[in-house]
Amino acid sequence: MIEIKKISKVYKTEGFSQKALDNVSVNFRQHEFASILGPSGSGKTTFLNIIGGLDEYTSGDIIVNEVSTKQFKDRDWDSYRNHRVGFIFQSYNLISHQTILKNVELALTLSGISKKERKGKAKRALKEVGLEKHINKRPNQLSGGQMQRVAIARALINDPEIILADEPTGALDSDTSVQIMELLKKISKNKLVIMVTHNPELAEKYSSRIINIKDGKIVSDSNPYDGKINTKEQKIIADNKFKKTKMSFLTALSLSFNNLMTKKARTILVSVAGSIGIIGIALILSVSTGFQNYVDSIQEDTLTSYPLTIQQESADITSALLSLRSGSNEKGDSNEVKEQQTITSMLSSVSTNDLKSFKQYLEKNNNKIENDVSNIQYSYSVSPNIYTIDATNKLAKLNPSNLFSSIMGNNSIMNSYSSMTSIYSQMVDNRDERLKKNN
């Protein structure tokens, strides 16, 4: 039994509200054939969808076998739709590439029963609607009335308590419509059948109850029900509990595979396109990784060829050159002579590094830096004095060159530059590194 208590449904879109149902209250018996009539836009289909759990109500409550649906979660609604309600649509909604047997079986995939049991139930349901000889046909091989019978068999296969039919005869001729109505009347002897229709003649002839809806409200009810239940109905309610929906992994895999096989060309094209995309991405990543490794190796080789040098005394040459450039850009009298202390400013920027403490740190923490340093070499500014006989047959100093010291005087910075002109260089302490450099 279903109790509808003050159900309202409001559709809201960008500040506009449309009330489809307005405080509708009605009770349905355990077994009856109720037809809902009304003009287009009166709320008939919305009312049917709310009863079937396809749409949510805005306010009110639906009580199914003394169980309120106000606190229903998605899982509860899934169970309700799968086990309590069977749907019959005007457009049939059959899967064209499946046989009618498979179409009917599909309604049982969430019931958690075996394949053999599903097939047996589907055959019995099709026999009940008179289609036992057409079980291997596809929907496009059937007439409109036969396809509607398949839809009815699919709605009945789970043995639901409620059958909801939305214009089941809307696309059928008169003779076929009568056959479908006779079948629904037969079903209503053991179940609750609620049908939405625009045909009042069929409704009055076959229905046990006619409800008229207008502007979202019930305006008439030919056979109202007060909601009182007898002892027999109480026992049925006690025995009917909500079942959980479930689908086995093998069933889901089988359905997916069958769907792929029905569209082989599209599946192949998607697979090829996906493979090309994956291969393309893999190639891009491999080229990118290879190029990055090449850049890293070049950087390592460059750092090995041009090692980091730390001297005892150093000067900020860049700042001195920039100050020289900025001084030359100053505007003033063209006849005015200005003095620029370029060398003085350069020498004033000389700083001293504590190499002794730095050497102690390196030796003490060698295990921390060994992965980041290929070799450490210490230089003590010792340069051999080499003399030779020049072109005039006089003794001339060959190494180191005294060009800078003769020009700039005895200054530690200039002496360091003089040592750079030496034709000799100190050998690397690590023999393996020396061999690597020579090779």
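What follows is calculated from the coordinates using simple rules that are stated; it is not laboratory data. The structure displayed is predicted, hence computed values, not measured ones. Ideal geometry is used to build each Cβ from the backbone, glycine not excepted, and the neighbour counts take in all protein chains shown.
A few remarks follow.
- Residues of segment 174-189 falling in the label zone of Gln141, defined by backbone nitrogen less than 13 Å from a point 7 Å along Cα to beta-carbon, are absent.
- Relative protection proxy for 150-160, 68-78, 125-135, from highest mean packing down: 150-160, 125-135, 68-78 (other beta-carbon atoms within 10 angstrom).
- Packing, as the average of other Cβ atoms within 10 Å across residues, places the peptides 140-147, 360-367, 40-47 in the order 40-47, 140-147, 360-367, highest first.
- Tyr380, Tyr225, Tyr11 arranged by Cβ crowding within 10 Å, fewest neighbours leading: Tyr380, Tyr11, Tyr225
- Looking at segment 2-246, the DSSP beta bridges with both ends there are about 50 percent antiparallel.
- As a length-normalised measure over Cα pairs under 8 Å and 6 or more apart, the relative contact order of segment 2-246 settles at 31 percent.
- For segment 111-180 versus segment 1-17, the inter-centroid distance based on Cα atoms is 32 Å.
- With a Förster radius of 51 Å applied to the beta-carbon distance between Thr13 and Leu285, the computed FRET efficiency rounds to 0.65.
- Fully extending the segment from Asp296 to Leu54 would add 81.0 nm, taking 0.36 nm per residue of separation and subtracting the current Cα-Cα distance.
- Residues Ser256, Ser188, Ser208 arranged by fewest to most Cβ contacts within 10 Å: Ser256, Ser208, Ser188
- Of Lys116/Lys205; Lys5/Lys189; Lys119/Lys263; Lys359/Lys397, pairs whose Cα-Cα distance is over 30 Å: Lys116/Lys205; Lys359/Lys397
- The gain in end-to-end length when the Asp173 to Asn366 segment is fully stretched comes to 60.0 nm, 0.36 nm per residue minus the alpha carbon separation.
- Members of Lys73/Lys127; Lys6/Lys186; Lys44/Lys70 lying beyond 25 Å, as alpha-carbon distances in this model show: Lys73/Lys127; Lys6/Lys186
- Segment Tyr387-Asp61, length gained on full extension (0.36 nm per residue, minus Cα span): 106.2 nm
- Residue exposure sequence - Leu269, Leu184, Leu48, Leu398 - by fewest surrounding Cβ within 10 Å: Leu269, Leu398, Leu48, Leu184
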